[in-house]
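A.B. asks: To start, I am sharing the structure in question, which I have written as structure tokens.
All of the numbers you see were taken from the coordinates with simple rules; none came from a lab. Source: prediction; values computed, not measured. Using ideal geometry, Cβ is built from the backbone for each residue, glycine included, and neighbour counts are taken over all protein chains shown.
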Amino acid sequence: MAEVQKRFGVIGYPIKHSMSAFMHNAVFKELGLPYSYKKFEVAPEKLGEFVNGEGAKLDGFNATIPHKVALLKYMDEIDDLARLIGAVNTVKIWHEKMEDGNERIRKKGFNTDAIACIRVLKENGIDAKGLRVLLLGAGGAARGIAFQLALSGADLSIYNRTKERAEELIKEIKSKTGKEIKLIDDEKLKEEIGNSDLLINCTSVGMHPKVDEMPIPADYLHEKLVVMDIVYNPVKTKLLKTAEEKGCKTIDGVGMLVHQGAEALRIWLGIEPPIETMRKAVIENLRG
Ligand code: ATR
């Protein structure tokens, strides 16, 4: 066996059910790269300790719930889009030679959720411009998608369990991009879904192990709606299952996972990743 030359990983809390390691290791294997990728369970209060300790020994890592926003403050550099979005899900790490001959470790934060969202919509023949989109959620995962959709000219609305959080995100997007987004509360939710073309679940509702939960009442769905979920474990969430039964077109969360990972590989290694290998690795391991 060749010695492992580059090391990557993913941090989250919890992280046990993440498919990222299967997906990235499948790419390294297929391309014959002596690299590795592993999961790190990092509690929120240990984030700084990880980033400056074990994490700094890696060549890069991804971040998932609940670290995407908190990571920003630990970066030496932040990519423009990640700064605008206010969330980092991909960190690139390298060693920089200083004038005195010493080396220092540098970390740069990126957000690859935004581009992944556009790629997934494109794969499904959907153009965001002018599309009436209702986004559920206002956390770290919702941010990238919300900013990207607003910038792409979607007619966007946001609903979140904690209304104030959605209100804050909407205000922030307005002040940074000038784009208007509608705030949806419980009373307006049903009507808004009735008037939407696309519904995207960016909350963690329905994720393993609470697979019987869904973020909206089933009877709010209608057949003209396209329903997309960013939860990928299980692939067919209760929301997607119910939407299918209502005759809706559905888009599962595997595409988002694959495309955010592919973009991370482009950033870390400058390679064009084998998308189908990544998709296959995720699906096979989810079945397992
Ligand atoms: P992430 O980085 O994955 O977005 P997060 O910042 O913790 O993680 O956000 C999780 C999102 O799922 C939030 O929008 C959260 O709603 P709140 O802002 O009200 O917490 C939403 N969420 C999580 N559990 C939920 C539940 N049981 N019902 C409704 N929304 C939920």
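A.B. asks: With region 164-274 as the region, which strands (runs of 3 or more DSSP E) entirely inside it contain at least 1 residues that are acidic (Asp, Glu), touching a Leu at 6+ places or on another chain (Cβ under 7 Å) and within 25 Å of residue 111 (Cα to Cα)?
C.D. replies: On the way: elements: 182-184, 198-201, 226-229, 249-251.
In region 164-274, 226-229 are the strands (runs of 3 or more DSSP E) which contain 1 or more residues that are acidic (Asp, Glu), touching a Leu at 6+ places or on another chain (Cβ under 7 Å) and within 25 Å of residue 111 (Cα to Cα).
A.B. asks: Free of Cβ contacts under 8 Å to residues at least 60 places away in the same chain and closer than 22 Å to residue 275 by Cα: does that describe residue 118? Before you say what the answer is, go through the steps one by one.
C.D. replies: Numbers: free of Cβ contacts under 8 Å to residues at least 60 places away in the same chain: yes; closer than 22 Å to residue 275 by Cα: yes.
For residue 118, the condition - free of Cβ contacts under 8 Å to residues at least 60 places away in the same chain and closer than 22 Å to residue 275 by Cα - is met.
A.B. asks: Which of (1) in contact (Cβ under 8 Å) with a residue 24 or more places away in the chain; (2) surrounded by fewer than 16 Cβ atoms within 10 Å (Cβ to Cβ); (3) away from the ligand (no atom under 16 Å from the Cβ) is the odd one out, the single condition residue 69 does not satisfy?
C.D. replies: Of everything listed in (1) in contact (Cβ under 8 Å) with a residue 24 or more places away in the chain; (2) surrounded by fewer than 16 Cβ atoms within 10 Å (Cβ to Cβ); (3) away from the ligand (no atom under 16 Å from the Cβ), residue 69 misses just condition (3).
A.B. asks: Identify the residue in region 53-66 that is closer than 19 Å to residue 267 by Cα and not in a helix (DSSP H, G or I) and, among all such residues, is nearest to the ligand (Cβ to nearest atom). Before the answer, list the steps.
C.D. replies: Pass one, region 53-66, residues closer than 19 Å to residue 267 by Cα: 55-64.
Applying the additional criterion that residues be not in a helix (DSSP H, G or I) yields 58-64.
Working: 58: 21, 59: 23, 60: 19, 61: 15, 62: 12, 63: 9, 64: 7 Å.
Top of the filtered list is 64.
A.B. asks: Name every residue in region 220-253 that is more than 23 Å from residue 23 (Cα to Cα) and among the β-branched types (Val, Ile, Thr), in order of residue number.
C.D. replies: 226, 227, 242
A.B. asks: Could you please give the count of residues in region 82-99 that are of a type outside the set (Val, Ile, Thr) and under 14 Å from the mean Cα position of the chain (by Cα)? Please lay out each step first, then the result.
C.D. replies: Within region 82-99, the subset of a type outside the set (Val, Ile, Thr) is 82-84, 86-87, 89, 92, 94-99.
Filter once more, so that each one left must be under 14 Å from the mean Cα position of the chain (by Cα): 82, 86-87, 89.
Of the residues in that region, 4 qualify.
A.B. asks: Here's another thing I want to ask about it. Which of the residues spanning region 119-137 are hydrophobic (A, V, I, L, M, F, W, C) and either near the ligand (Cβ under 9 Å from one of its atoms) or touching a helix residue (DSSP H, G or I) at 6+ places or on another chain (Cβ under 6 Å) (or both)? Even if it seems obvious, please write down each step before you answer.
C.D. replies: Kept after step one, since they are hydrophobic (A, V, I, L, M, F, W, C), are these residues of region 119-137: 120-121, 126, 128, 131, 133-136.
Correct list: 120, 128, 133, 134, 135, 136.
A.B. asks: Quick check: anything in region 38-50 away from the ligand (no atom under 15 Å from the Cβ) and in contact with a Ser or Thr (Cβ under 7 Å, 6 or more places away or on another chain)?
C.D. replies: Yes, the conditions are met somewhere in region 38-50.
A.B. asks: Also, I was wondering about something else. Out of all the residues in region 81-121, which are out of contact with any strand residue (DSSP E or B) (no Cβ under 8 Å at 6 or more places or on another chain) and exposed (fewer than 13 other Cβ atoms within 10 Å of the Cβ)?
C.D. replies: Scanning region 81-121 gives 99, 100, 101, 102.
A.B. asks: While we're on this one: Please go through region 187-204 and give me each residue that is touching a strand residue (DSSP E or B) at 6+ places or on another chain (Cβ under 8 Å) and within 13 Å of the ligand (Cβ to nearest atom), ordered by number.
C.D. replies: 189, 200, 201, 202, 203, listed by residue number.
A.B. asks: Moving to a separate point now. Can you tell me which residue among 173, 216 is within 16 Å of the ligand (Cβ to nearest atom), out of contact with any Gly (no Cβ under 8 Å at 6 or more places or on another chain) and farther than 24 Å from residue 82 by Cα?
C.D. replies: Values: 173 fails: farther than 24 Å from residue 82 by Cα.
One residue alone meets the criteria, 216.
A.B. asks: Same structure, new question: Those residues that are closer than 20 Å to residue 72 by Cα and either near the ligand (Cβ under 9 Å from one of its atoms) or crowded, with 24+ Cβ neighbours inside 10 Å (or both), I need them from region 138-161; list them, please.
C.D. replies: Going residue by residue through region 138-161, those that are closer than 20 Å to residue 72 by Cα are 138-148.
Correct list: 138, 139, 140, 141, 142, 143, 144, 145, 146, 147.
A.B. asks: How many residues are surrounded by fewer than 20 Cβ atoms within 10 Å (Cβ to Cβ), without any contact (Cβ under 8 Å) to a residue 40 or more places away in the chain and touching a helix residue (DSSP H, G or I) at 6+ places or on another chain (Cβ under 9 Å) when one looks only at region 225-241?
C.D. replies: 2
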